[in-house]
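Trainee: Please read through the structure below; I'll follow up with questions.
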Amino acid sequence: MFEGVFQGKQVIVSGGSSGIGFAIAEGFRQAGARVTITGLSEAELAPAKAAGLEAAALDVGDLGACTRFMAGFKTLDVLVNCAGMIRRANAEHDPVEFERVINVNLNGTQRLCALARPLLKVSKGSIVNTASMRSFFGAAVTPAYSASKGGVMQLTKSLAIAYADDGIRVNAIAPGWVATALTQPLRENPEANKAVIDRTPMKRWADPADMAGPVMFLCSPAAAFVTGAILPVDGGYLAF
């Protein structure tokens, strides 16, 4: 679908060691891009390295670490921010946990955007952030995750305006329910699984690979006049 479009382009996918990020990184690599992914630890990165992806351990919650990581790049065409976290079982109501989630999901996204901006200005490149269905509505048990993803949506729109004069487009995808290790407990819970399937018009969970095409579209010349957009990739979940 995107054969040749990203040939030789330099792409960074934060949080690309598994799940959605890994699928997006694989999509870009198959389209000819040079892809570097990040994960929180070397252990997390092992499968991606085994698959042939360039990888670096990075805590996006650490500004110094992000600065050192970005200093290693001389060129950059695409930044995809997938690094994120969620704390379940009402843990996010604890102020310490709330701050931790916001620092990774929202502040971490802003850090990498800001640090990548000078290189993307040169290449007239693109940023795609990862929003969520929770960008649009709340969740009683995960208030920090929902707040962070609402913030990512507004950050995306704000940076699209701020970076436009640099020739940088900034968009986001809002994934629906995706079959990853993070959602495995929900998929294994009959009631929770049924609730997701019943609410999703396409009557299935997304595969992580379903996220790759929309991200690559947003970074391609086909989306040359698209910036500040939040693209739901949710099988119609938000249509209700």
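Where a number appears in this text, it was derived from the coordinates with a stated rule and is not lab data. Just so it is clear, the model here is predicted, and its values are computed rather than measured. Glycine also receives a Cβ, built like all others from the backbone with ideal geometry; neighbour counts cover every protein chain displayed.
Trainee: Cβ-Cβ under 9 Å, sequence separation 6+ or interchain: first residue in the stretch 132-161 and free of Cβ contacts under 8 Å to residues at least 24 places away in the same chain and polar (S, T, N, Q), partner buried (at least 22 other Cβ atoms within 10 Å of the Cβ) and not in a helix (DSSP H, G or I). Which pairs?
Mentor: Short answer, once both residue conditions are applied: SER146/SER132; SER158/VAL170.
Trainee: Still on this structure, please answer the following. List the pairs whose first member sits in the stretch 77-100 and is surrounded by fewer than 17 Cβ atoms within 10 Å (Cβ to Cβ), whose second member is in a loop (DSSP other than H, G, I, E, B), and whose Cβ atoms are under 8 Å apart, counting only residues at least 6 apart or on separate chains?
Mentor: Qualifying pairs under 8 Å: ARG88/VAL141; ARG88/THR142; ALA89/VAL141; ASN90/VAL141; GLU97/ARG87.
Trainee: Same structure again: Within the stretch 181-204, track down each residue that is closer than 29 Å to MET1 by Cβ and touching a Leu at 6+ places or on another chain (Cβ under 9 Å).
Mentor: Initially, the stretch 181-204 is screened for residues closer than 29 Å to MET1 by Cβ, giving 181-184, 187, 196-197, 199-204.
Within the stretch 181-204, VAL196 is the sole residue that qualifies.
Trainee: Against the condition surrounded by fewer than 21 Cβ atoms within 10 Å (Cβ to Cβ), in a helix (DSSP H, G or I), small (Gly, Ala, Ser) and without any contact (Cβ under 8 Å) to a residue 12 or more places away in the chain, how does ALA114 come out, does it pass?
Mentor: Yes: the conditions hold for ALA114.
Trainee: Checking SER146 against (1) within 23 Å of ILE12 (Cα to Cα); (2) surrounded by 18 or more Cβ atoms within 10 Å (Cβ to Cβ): exactly one of these is not met. Which one?
Mentor: So SER146 meets the others, but not (1).
Trainee: Return yes when VAL170 is closer than 27 Å to LEU119 by Cβ, within 14 Å of the chain's Cα centre (by Cα) and part of a helix (DSSP H, G or I) and no when it is not.
Mentor: no
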